[in-house]
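The values are calculated or read from the model by the stated rules, or taken from the named source; none is laboratory data. Computed from a prediction, not measured in an experiment: that's the story for all the values here. All Cβ positions, glycine included, derive from the backbone under ideal geometry; neighbour counts span all protein chains shown.
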Amino acid sequence: MEISIFFARFLGGFFVIFGLLFIITKQLGKTIEMTENKEFVISTGYISLLMGLATVVLHNLWVADWRVVITILGWSTLIKGILKIGFPGFIHKQAQRFKTQQTLEAIALLLLGGWLFWASF
């Protein structure tokens, strides 16, 4: 359970901070624009791959409680990293779909982060 609490606090804090930054600065739209640069997408793909792989290796718990959210986030981050490295053009096309909903997505990120952080206590 200690690793679950660590990941919930780490990811929760990360999501809250970035959710707030995306709402306040509208940075998410700028990040989406950066997906035109394949080198940027690939380099961030390595970071996603490493974060996802570490989460999957350390926390691959398929249980019927809040901890499964961390496992799902780990697997989705790992898959995202693989897609960013192997298919940066696909990532750019997908990112364009989210451009018009960036405030809604930032709020969802903030809420998910708050919930994870709350669940860890």
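Listing for the model above:
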| quantity | calculated |
| --- | --- |
| Failed item, numbered, when Phe87 is tested on (1) over 23 Å from Gly13 (Cα atoms); (2) among the aromatic types (Phe, Trp, Tyr); (3) crowded, with 17+ Cβ neighbours inside 10 Å | (3) |
| Among residues of region 97-107, those that are out of contact with any Gly (no Cβ under 8 Å at 6 or more places or on another chain), surrounded by 13 or more Cβ atoms within 10 Å (Cβ to Cβ) and part of a helix (DSSP H, G or I), counted | 2 |
| Test: residue in region 70-88 that is at pLDDT 95 or above, farther than 30 Å from Glu39 by Cβ and in contact with a helix residue (DSSP H, G or I) (Cβ under 8 Å, 6 or more places away or on another chain) | yes |
| Candidate set: region 81-96, residues that are of a type in the set (A, V, I, L, M, F, W, C) and in a helix (DSSP H, G or I); chosen: the one farthest from the chain's Cα centre (by Cα) | Phe90 |
| Top-ranked residue in region 22-32 [being out of contact with any helix residue (DSSP H, G or I) (no Cβ under 6 Å at 6 or more places or on another chain) and not polar (S, T, N, Q); ranked as surrounded by the fewest Cβ atoms within 10 Å (Cβ to Cβ)] | Ile24 |
| Pairs, first basic (Lys, Arg) in region 22-47, second exposed (fewer than 13 other Cβ atoms within 10 Å of the Cβ), C-beta under 8 Å, six or more apart | Lys38/Gly89 |
| Test: Asn60 is in contact (Cβ under 8 Å) with a residue 12 or more places away in the chain, among the polar types (S, T, N, Q) and surrounded by fewer than 16 Cβ atoms within 10 Å (Cβ to Cβ) | yes |
